[in-house]
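The values are calculated or read from the model by the stated rules, or taken from the named source; none is laboratory data. Note that this is a predicted model, so its numbers are computed, not measured. In case anyone asks, the SASA skips ligands and DNA or RNA and just uses the protein heavy atoms, side chains included. Shrake-Rupley method; radii C 1.70, N 1.55, O 1.52, S 1.80 Å.
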Amino acid sequence: MAGQKKHKDDVMMRLRRIEGQVRGLQRLVAEDTYCIDVLTQVSAVTRALQSFALQMLDEHMATCVSNAVAEGGEEREQKLKEASDAIARLVRS
């Protein structure tokens with residue numbers, strides 16, 4: 001149980017860091033920062049979000065999907081389809 005709380009705290013800290021990066025983008029735009037510098041920061045935020053998404057997908061596969069596969073049945077098929085759909089969305093983004 002304590003491990004789950006620490007994990008959740010880590011995830012929330014990572015999201016707050018990304019939120020800070022987005023606020024930094026707002027500040028750069030408000031200060032009329034050179035476009036290429038803004039785009040460089042957009043790239044950094046995009047990479048941070050992609051990394052976060054991959055971490056979440058990895059955890060989903062290791063827990064929810066793995067458990068559903070072990071149990072079998074309709075839940076197995078549903079979780080595998082959800083994971084496949086999520087991967088497709090990430091690849092398209």
| Taking each full run of DSSP H in the chain as one helix, which ones are at least 30 Å long along their axis (Cα atoms) and have mean Kyte-Doolittle hydropathy of at least -1.0? | 2-30, 35-60
| note | With -39,500 (n - 2.57) per DSSP H segment of 4 or more residues and division by the full residue count of the chain, the 222 nm estimate, nearest 500 deg cm²/dmol, is -30000 deg cm²/dmol
| query | For the chain, which whole percent of the accessible surface, found with a 1.4 angstrom probe, sits on carbon and sulfur atoms? | reply | 59 percent
| request: Divide, for the stretch 1-40, the radius of gyration over alpha carbons by 2.2 N^0.38 Å, where N is the residue count. | output: 1.70
| field | Heavy-atom accessible area per residue - the chain, 1.4 Å, Å² | value | 76 Å²
| Length added when fully stretched, residue 35-residue 67, from 0.36 nm per residue minus Cα-Cα | 6.8 nm
| request: Give me D for the chain in µm² s⁻¹, whole number, from Stokes-Einstein with Rh from the Kirkwood sum over alpha-carbon pairs, 4 °C and 1.567 mPa s. | output: 83 µm²/s
